[in-house]
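Since the structure comes first, as structure tokens, the remarks are kept for the end.
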Amino acid sequence: PALLPELWTEILVPICAVIGIAFSLFQWYVVSRVKLTSDLGASSSGGANNGKNGYGDYLIEEEEGVNDQSVVAKCAEIQTAISEGATSFLFTEYKYVGVFMIFFAAVIFVFLGSVEGFSTDNKPCTYDTTRTCKPALATAAFSTIAFVLGAVTSVLSGFLGMKIATYANARTTLEARKGVGKAFIVAFRSGAVMGFLLAASGLLVLYITINVFKIYYGDDWEGLFEAITGYGLGGSSMALFGRVGGGIYTKVADVGADLVGKIERNIPEDDPRNPAVIADNVGDNVGDIAGMGSDLFGSYAEASCAALVVASISSFGINHDFTAMCYPLLISSMGILVCLITTLFATDFFEIKLVKEIEPALKNQLIISTVIMTVGIAIVSWVGLPTSFTIFNFGTQKVVKNWQLFLCVCVGLWAGLIIGFVTEYYTSNAYSPVQDVADSCRTGAATNVIFGLALGYKSVIIPIFAIAISIFVSFSFAAMYGVAVAALGMLSTIATGLAIDAYGPISDNAGGIAEMAGMSHRIRERTDALDAAGNTTAAIGKGFAIGSAALVSLALFGAFVSRAGIHTVDVLTPKVIIGLLVGAMLPYWFSAMTMKSVGSAALKMVEEVRRQFNTIPGLMEGTAKPDYATCVKISTDASIKEMIPPGCLVMLTPLIVGFFFGVETLSGVLAGSLVSGVQIAISASNTGGAWDNAKKYIEAGVSEHAKSLGPKGSEPHKAAVIGDTIGDPLKDTSGPSLNILIKLMAVESLVFAPFFATHGGILFKYF
């Protein structure tokens, strides 16, 4: 047995989750001490940092004779407008998503209940026919409850993240008056609030759900953990709508604001005269924050569910070894503690004095968390696992040692870091790939687009090798359970990953608020520096999300194949090959839908922004105010309407294929969508990120090379803006949504596997 007694496991997991929640509340308290009033005495972000981070407490405004009180009031007013816009959009989105959730919960209950004809009698277990398990109707009921719990947790994760981001954006702007270090700490602490809240609440809800379900299921762990898979399905289905809806919203506003404002009217980014500027800033919060939060929560929930399902039919589940069974939860618990220590390096142990220290500080977060987590995994594997045990491997039991499982988790963890740094190399303007893209703007937008596409395709190579090697190593050691814990290894530092990720949109908003409030250009320079670092880290976050999605969906695929009773997936059979081809096509169909949605809605936005510039007298002179509300409404209406078709494509495909064509064709569809989806997602995200940073490289004009391409408004700069505009829907709508497509189809197939195995393939039965 494991060294760690069962009682200690039952105490440690919830305690780590509660520590994570407490830490996030503490960070929120520190951020809240930055007041949105002109009382300067109250404007310090935590006593420990006074006199630190390279600033004297003077304000740039005082030095330049700008009225401080009016600036603070203006910041507070803009923050309120952004917060209200984001809240009203999310409430509208959640109304539609709520209706879907109720409908789909009913589908789960009816489909899974019909497996045994809604019988309430106990049945022989699937994997051990000598024992009896709870009826299929119970699995249907508990899967439905788990689905609703996962969906609600996912929605709350996204909503709370958005609330924290809109709370922190103006505070970051105000702190930028005192120095870049001050502003960095506020933005980073706010990101940490979201990261820890999401990681800890996801773990706590899952742990409580398992223990509550155990009261009914008793010794039937096979049925218990099969029902728990609904939790992953709920989390991911909400994430899909959040990601697609939020992604469409943010890019419609962004494309409209950039095309008319920057290219036609030659006004700066986030200029208050631009009618789409509030919608653009709202979009950063609903897409990049709420969408990303729900997405990574979904990955975490699914990786945990995949590992638990496989473990329940291995020696852990057969021998009822609760500590070993909870190994995935112990990894996540250790991850929260490791990320907590890592966060202190950015907020308390080291101070940031210069702009050039921002990006290394964020990258160090990834390195420090990975190194400490490696030690943490070793401890968890030593105390939480027996020295030798067996893992279910497609019908046989494979003998595995605890050090082999430790290596599986580490391989995932370090593969995540490699993917992160490769993504950074291809999307940061500190390196040659993005500088080459910027240089190609000399000859116009066409060459910029060609270079950007080539960069995106090339950036796929190393991440795919990293994913392939981690799959080979983890599968060789511990079959599909190894792949599932490798995915958990990649997601074990999710709190730090999300903190870095949320930091980007908060800094972006802070820059927008500085511009709209008419603050000094020196403050805008500081927020731009924060934003440029945030842009790269956002790309790193997307790399993590895509890499973990590949591993998660493969682990879910393995669990599905086991559950559906398929022994081998033979590519040479026509049933499988047609599935492979259709599956590989789905990411293209999905991308086409989301790109077209952004394009057609952006058209309306461009026309509206043009109309306001042409018909509102005094708008360009700054004497009249634009009608922000109409632009917010265009973005909201477009995203709500346009998120439904891509959502239906993803949710209905496994149901239609499984029911009409059977589990073998469905296994082909899942494999095909995984293989093509990962490639498109990585290339789309990195192409968009590179175009964005090529534009920022020209705008910043730091090096001689960048100065030769600028300044803002030059022909190369206009070409860069066009590239950035094309890249917007790639990197923020289609790319990030694809990783949900591959995970969601796999987890949905797993949840409905008993139904498909019993009633599926009706076309092949009768024809």
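The values are calculated or read from the model by the stated rules, or taken from the named source; none is laboratory data. Since we're looking at a predicted model, the values are computed, not measured. Backbone-built Cβ (ideal geometry, glycine too); neighbour counts: all protein chains shown. Note: accessible area is taken over every heavy atom of the protein model, side chains too, but ligands, DNA and RNA are not part of it. Shrake-Rupley method; radii C 1.70, N 1.55, O 1.52, S 1.80 Å.
Things worth noting here:
- Listed values (i) 32.6, 109; (ii) 25.5, 84; (iii) 29.0, 103, entry calculated as Rg and Dmax of the Cα atoms in Å: (ii)
- Long-range tail of P(r) for region 714-767 (Cα pairs > 16 Å, %): 66
- Put simply, the convex hull of the Cα atoms in region 313-364 casts, on average, a shadow of 4.8 nm².
- Relative intensity, log₁₀ I(q)/I(0), of region 89-171 from a Debye sum that treats every alpha carbon as a point, q = 0.12, 0.25 Å⁻¹: -0.53, -1.12
- For LYS765, the lysines whose Cα falls under 21 Å of its own Cα, not counting residues fewer than eight places away in the same chain, are LYS575.
- Only alpha carbons enter this Debye calculation for region 392-481, each as an equal point scatterer, and the log10 of I(q)/I(0) it gives at q = 0.13, 0.20, 0.22 Å⁻¹ is -0.58, -0.90, -1.00.
- Mean accessible surface per residue for the chain, computed with a 1.4 Å probe while every protein chain stays in place, in Å²: 33
- Taking the longest Cα principal axis of the chain as reference, the axis of helix 574-615 is set at about 20 degrees.
- Taking the C-alpha atoms only, the angle from helix 327-344 to the longest principal axis of the chain is near 20 degrees.
- Debye intensity ratio in log₁₀ form over the Cα atoms of region 582-639, taken at each q of 0.14 Å⁻¹: -0.52
- Rule-of-thumb Rg ratio for region 248-367 [Cα; 2.2 N^0.38 Å; N residues]: 1.65
- Using the Cβ-Cβ distance between ILE616 and ILE341 with R0 set to 56 Å, the FRET efficiency from 1/(1 + (r/R0)^6) comes to roughly 0.55.
- For region 175-250, convex hull of alpha carbons as volume per residue, Å³: 105
- With coordinates expressed along the principal axes, the C-alpha atoms belonging to region 657-744 extend over 61, 18, 15 Å, beginning with the largest.
- Globularity ratio of region 555-603, using Cα Rg and 2.2 N^0.38 Å: 1.70
- Nearest-0.05 FRET efficiency for THR130 and TYR431, computed from C-beta distance (R0 60 Å): 0.50
- Across ARG611, ARG171, the residue with the most accessible area heads the list, and the full order at a 1.4 Å probe is ARG611, ARG171.
- Translational diffusion of region 459-513, estimated by Stokes-Einstein from the Kirkwood radius over alpha carbon pairs at 37 °C in a medium of 0.692 mPa s, is 244 µm² per second.
- Tail fraction, Cα-Cα pairs, region 609-767, threshold 19 Å, whole percent: 71
- Here is the short version for the chain: CYS16, CYS75, CYS305, CYS326, CYS339, CYS408, CYS410, CYS441, CYS631, CYS648 have no other Cys C-beta closer than 4.7 Å.
- Measuring only protein heavy atoms, the 1.4 Å probe finds CYS648 accessible over about 60 Å².
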